[in-house]
Amino acid sequence: MTDTVLEVRNLRKEFRGVVALDDISFELRRHEVVGLIGENGAGKSTLLKVLSGIYKPDGGEILREGKKVTFRTAAESAAAGIGMVHQEQSLVTSISVAENIFLGVEGAGVSAGVYRWGTLRTLAQEQLDKIGSPISPKTKVEHLSFAERQMVELAKALSVEERADSEPVIVLDEPTSVLEGDELEVLFDQIDRLRKFASIVFVSHRLDEVLRVSDRVYVFKDGQCVAVRDRSEVDVDELHRLMVGRESTAEFYHEAKQTAVVDQPVLMQVTGLGKTKAFEDVNFTLRAGEVVGITGVLGSGREELSRVLFGAEGFDQGSITLGGKSIGLRSPVEAVRAGIGYIPAERRIEGIAQGLSVQENIFLADPSTVSAGPFLKPRAAAAAADEWIRKLKIKTPNRGTNISNLSGGNQQKAVLAKWLTSPRLKVLILDHPTRGLDVGAKEDVYGFIRELCARGIGVILLADTLEETIALSHTILVMRDGRVQQTFDAHPGNKPRPVDLVEGMV
Amino acid sequence: MSQSGPQVADAPATGTPSRTSGPTPPDPTTPGTLARVRGLIGGGGPAVALVVLIAFFSIATPNFFSVSNASSLLSQLSILLVISIGLTFVILLGSLDLSVEGVMASSSLVFVLLASNDRNDLSLGFIALIAGVLTGSLFGLLNGVLHVYLRVPSFMVTLGTGAIGVGLATVLFGGRAPRLMDDGLRGLGFGNFGIFPKLALIAILVLVVALLVQKFTRVGRYGYAIGGDEPVVRLSGVNVERYKVLSFVLAGTGSGIAGVMAAMQLGVGDVSIGAGFQFTAITAVVLGGTALVGGIGGVGKTLVGAAIITVLANGLILLGVNPYVQISVQGLVIVVAVVATGWSLRKRVRAIK
Amino acid sequence: MAILTPTRPRQAAASGVTVKDRIIAVFPLLVLIVLVLLVLTQQPNFLSLASVRGLLESMAPILLLAIGQTFVILTGGIDLSFAVVSSLSTVLLALWLPDMGVGALILVPILACLTGVLTGTVVAFAQIPSFIVSLGAMGLWTGVALTLSSASTIRISANYDVIGWVTDMRIAGLPVSALLAILLAILISVAIRVLNRGRALHTMGLAENALLMSGNPTRAYRILAFALCGLFSGLAGVVLASSQYSGGPSLGDTLMLPAIAAVVIGGNAITGGVGGPLKTLVGALIIVVLRVGLNAIGIDPAYEQIIYGAVIIGAVVLTIDRSRLGIVK
């Protein structure tokens, strides 16, 4: 028996040319809890998905108990004793707890093709007893709260213990995000119990929790593992510094181009805005040429806020005015008519229209500049499309190319062009505009944001990283649990530090 | 994909010091018989509606609440119930089977033409009956394979295979309806057993088997899971394709049995023997409480839905209401039921084709 | 559940048009030509004026229904009630023509259009799959047609002339009904090309979310598609009533399968976004030539249904864009 239960060597994974995992090596020792931290897009989830057989790696190898293994399916990974508690829950709500725990691996619960309900429920009860959960195995999952489901999820992951020949590896992907108080304590107790016979990978963005339970911490950044630290030699501040990493390179963010916003007219005024179960009492103003950055962890309400500001979701309190006029924002149609644009995080679904050409995508929001009444002016449209392709340096064979065939960065530029071409545009909401882009494309996007400001367009920015937020914004709102906790002035020369923002976020 | 063997029971005890493997405490909420029945047929709305309808027609029309009408109600219910039960397995997946009428036509003709009949000299007895039912199963298999492995939406596949079923029946039909001459075979489904129509006995048998399949087999249980959340089930290593195909086979078998039952009842095989059943059966399933989105419902609920439709049809005719209006009402019922179950899921940004 | 259903990128050549796309684009036309040649070997006078006239006459209602369905299929949906709406239209025409004359000819297609608006509105606002809503609508309008007609055929007792010209009139010896239907197909194709939002329905089928998040009224587009489908079903009803001198509660029902078959075999993908009325025209021609051709080579018409069924499944299997289907239900 080796003392390394799971090892990953030189793992590599690309998505359409974007490197998600770059030569990752990682080691999990027997009865050890390893923490895994990194910002969004650092590669944590990609690694977990490779380990659980959802993604196939493009290079490198995985060793389980010293033996090389390949997981073609999630079932194979489970059979090798790797139990996963997914961040996005993986329970079927329409069936019972017992069926969920043993879905596809009923074992003695089904013999000769016939369900033995008594046995199945007893086996499920054993799993639930491990975590001391009072949930009945007969309950349908749809009747459980989110926290209860998380516990069932944990029980399901623990069931690999009996199935595999070797000691189990339990992977917990952001398990604490929906747990509170006592439930959290139960989870930590479980981790302490598990570590006597299992090895654990613990992924979380709550750095204090990671430090509390982990023996060692791996820090991921931009698809690479940038540091490994023992618990004894590191603190929260250092972890955060490692995670954010890059020394603030003013040049990278085009900071020199940032203009101060003084006495510019107010474009958008948000007053007492609230949406049930998402956020409440949000107030801010957006001036011409200003970037308002909004930060917060998952569940802080900032995603919902950005979608409400584009009319993609409704709000039930407060008001939004644009150019002095109150707007109802009952749909994206009204938002666009009022002069609001939106670059969504889900670029491939909500941003680009897959199957349409680059040119058609550019004029998807507002073809008025290349139309005569309801008719398209083909030559004007072609010329204008070529002009945008040149101006934004969109790499495409030609304007008629199916946009699906472009790289992520070039797709994002086309989405940007879609809004820039509209003469009505006053406010642009950017929801994770650089997600999944390579460094060069990111830098281009930063440049375009500066130019938008110079044109007097107001920008609302939900950035991927704190650095991005700080470098690009004039004003920063820090959200937590649906409320704006703090507001920072972030004009050039007066930038807050990431640590200042983190205090308000967690 | 591997259905990992039964290792759970005798797994190596990997040092679990704190595990308290004591006996499971008895479930404090052991349901009584009434609660069980309620769980099976879904209690609440549909069952109450059925009782109210029966009460209403008993008062409103003199003939409704009588032995002879009850007997005729049961025999009307039987064929519809068998089709609807089969359909339930497919609708639980979130899929649909539109081939009912074509399959019934084919299976009724295969049955009659292989049994003693006035068209040819064949007289295969029970083999004819089995062949008729298997015709339905084969159509189900075809539906399932085309839908699952070629990834074509089920309503489209079954629209096509339904036409093929009608076409096959038309070819077999050859211009005149063949009569079933085997009195023994016909007697299985024709006439009464005591006061019970024999068709109803067949339907009850099918119902019991279907309830057992739903509760105790993988195809039954996984149907709920696949309809509820297919990607998760797939991720768990379940051979989703196999169980989806099997569900379609169950539906086809139901239509096949129904075609044979109708042939027994009428004494002929006919292209239009299933006419009108497609629609009524979907309505029965939906009305019972099985959601077209999948994952919710069951065979027991379908019993209530089919009973409501049958009582309504029978009662309205006794009241003298134009029977065609009922088709319209069924159409509205389908839409209203689906809208009601889906209303809370609506979002501004949601693409449903 | 983004992690569980990774959206697969569309694998395509750099030009954006795959070899498969090209084959699918040309295939229906090839099928049509081969079919015509095959029939010619059996029936040398197949392309004579009389024969072509008969062919086009039987094609007119199928083509109208199929063009209507094309709008809905472009958005990625389907309207199963369209043939029933055409039946209902014939009943209404037969009932109203004697008293209302030209009024009936105007009113009936408008009402047919409104049935589409109703279906589309339920689909768009309740966010329910269109095949279910239109299945319900199919039942609703079947019942209405049966009730209004007392389940029997109604002869048009007066004012037949108002719609008679649709069947009787000839231009260059060819039936005006089919020529008008073909003209409509061409006009719509032109509109799709020259209007700045001409490809809105295509985009609905390809990327509805992106279209909405660019500020387009996607609900209105969806309702429009169903409304057009209803309107064309009403027009098909006019042609049917004219050629049969009557209205009947199931007069158009048998055209449901051939019309859907025409749409899909013409190369319109039922996943939406790919196709247009000209493809549908080719599809409708294939279907009617096939029908005539089967007769010519002596195949029993009883096999017709089997062939429609097989054609629908086969064409859908070939044209469906599986990369855009998440879970197939």
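The values are calculated or read from the model by the stated rules, or taken from the named source; none is laboratory data. Note that the coordinates shown come from a computational prediction; the quantities given were computed from them, not determined experimentally. Don't worry about glycine lacking a Cβ; one is built from the backbone with ideal geometry, like all the others, and counts go over all protein chains shown.
Computed values, structure above
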{"read-out": "Test: residue in the range A:130-144 that is out of contact with any strand residue (DSSP E or B) (no Cβ under 6 Å at 6 or more places or on another chain), in the same structural domain as residue A:168 (by TED's automatic domain parsing), polar (S, T, N, Q) and crowded, with 23+ Cβ neighbours inside 10 Å", "value": "no"}
{"read-out": "3 or more residues surrounded by fewer than 18 Cβ atoms within 10 Å (Cβ to Cβ), among the aliphatic types (A, V, I, L, M) and modelled with pLDDT of 95 or more: qualifying helices (runs of 4 or more DSSP H) within the range C:108-213", "value": "C:176-194"}
{"read-out": "Single match in A:470, A:449, A:429, A:394 (criterion: of a type in the set (A, V, I, L, M), over 24 Å from the mean Cα position of the chain (by Cα) and surrounded by 21 or more Cβ atoms within 10 Å (Cβ to Cβ))", "value": "A:394"}
{"read-out": "Options B:41, B:83: the member that is at pLDDT 55 or above, touching a Phe, Trp or Tyr at 6+ places or on another chain (Cβ under 6 Å), more than 10 Å from chain A (Cβ to nearest Cβ) and within 30 Å of residue B:276 (Cβ to Cβ)", "value": "B:83"}
{"read-out": "Candidates A:98, A:79 - the one that is of a type outside the set (D, E, K, R), modelled with pLDDT of 90 or more and in contact with a helix residue (DSSP H, G or I) (Cβ under 9 Å, 6 or more places away or on another chain)", "value": "A:98"}
{"read-out": "Elements of type helices (runs of 4 or more DSSP H) contained in the range C:251-329, each with 2 or more residues being within 7 Å of chain B (Cβ to nearest Cβ) and free of Cβ contacts under 8 Å to residues at least 24 places away in the same chain", "value": "C:304-319"}
{"read-out": "Filtered residue count, the range A:285-324, keeping only those that are in contact (Cβ under 8 Å) with a residue 60 or more places away in the chain, among the acidic types (Asp, Glu) and part of a helix (DSSP H, G or I)", "value": "1"}
{"read-out": "Cross-chain or 6+ apart pairs with Cβ under 7 Å, the range B:255-282 first and closer than 16 Å to residue B:313 by Cα, then assigned to a loop (DSSP other than H, G, I, E, B)", "value": "B:278/B:98"}
{"read-out": "The one condition in (1) without any contact (Cβ under 8 Å) to a residue 40 or more places away in the chain; (2) outside any helix (DSSP H, G or I); (3) away from chain C (no Cβ under 14 Å) that residue A:440 fails to fulfil", "value": "(2)"}
{"read-out": "Residues of the range B:138-172 classified as within 19 Å of the chain's Cα centre (by Cα) and at positive phi, total", "value": "0"}
{"read-out": "Helices (runs of 4 or more DSSP H) wholly inside the range B:270-353 containing at least 2 residues that are of a type in the set (Val, Ile, Thr) and surrounded by fewer than 17 Cβ atoms within 10 Å (Cβ to Cβ)", "value": "B:323-342"}
{"read-out": "All positions within the range C:50-77 that are in contact with a strand residue (DSSP E or B) (Cβ under 8 Å, 6 or more places away or on another chain) and within 13 Å of residue C:258 (Cα to Cα)", "value": "C:60"}
{"read-out": "Residue in the range A:370-386 that is in contact (Cβ under 8 Å) with a residue 40 or more places away in the chain and assigned to a helix (DSSP H, G or I) present", "value": "no"}
{"read-out": "Any hit, the range C:275-291, residues being closer than 30 Å to residue B:244 by Cα, of a type in the set (Val, Ile, Thr) and surrounded by 17 or more Cβ atoms within 10 Å (Cβ to Cβ)", "value": "no"}
{"read-out": "Number of positions in the range C:140-158 that are facing chain B (nearest Cβ under 7 Å), over 10 Å from residue C:88 (Cβ atoms) and among the hydrophobic types (A, V, I, L, M, F, W, C)", "value": "1"}
{"read-out": "Helices (runs of 4 or more DSSP H) within the range A:31-148 that include 3 or more residues within 9 Å of chain B (Cβ to nearest Cβ) and closer than 30 Å to residue A:13 by Cα", "value": "A:74-79"}
{"read-out": "Top-ranked residue in the range B:91-138 [being in a helix (DSSP H, G or I) and touching a Lys or Arg at 6+ places or on another chain (Cβ under 9 Å); ranked as farthest from residue B:209 (Cα to Cα)]", "value": "B:113"}
{"read-out": "Qualifying positions in the range C:223-250 - among the small types (Gly, Ala, Ser) and assigned to a helix (DSSP H, G or I)", "value": "C:225, C:227, C:230, C:233, C:234, C:236, C:237, C:241, C:242, C:243"}
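Yes/no per residue for (1) over 26 Å from residue A:338 (Cα atoms); (2) in contact with a Phe, Trp or Tyr (Cβ under 6 Å, 6 or more places away or on another chain); (3) aromatic (Phe, Trp, Tyr):
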| site | (1), (2), (3) |
| --- | --- |
| A:254 | yes, yes, no |
| A:274 | no, no, no |
| A:280 | no, no, no |
| A:308 | no, yes, no |
| A:311 | no, no, no |
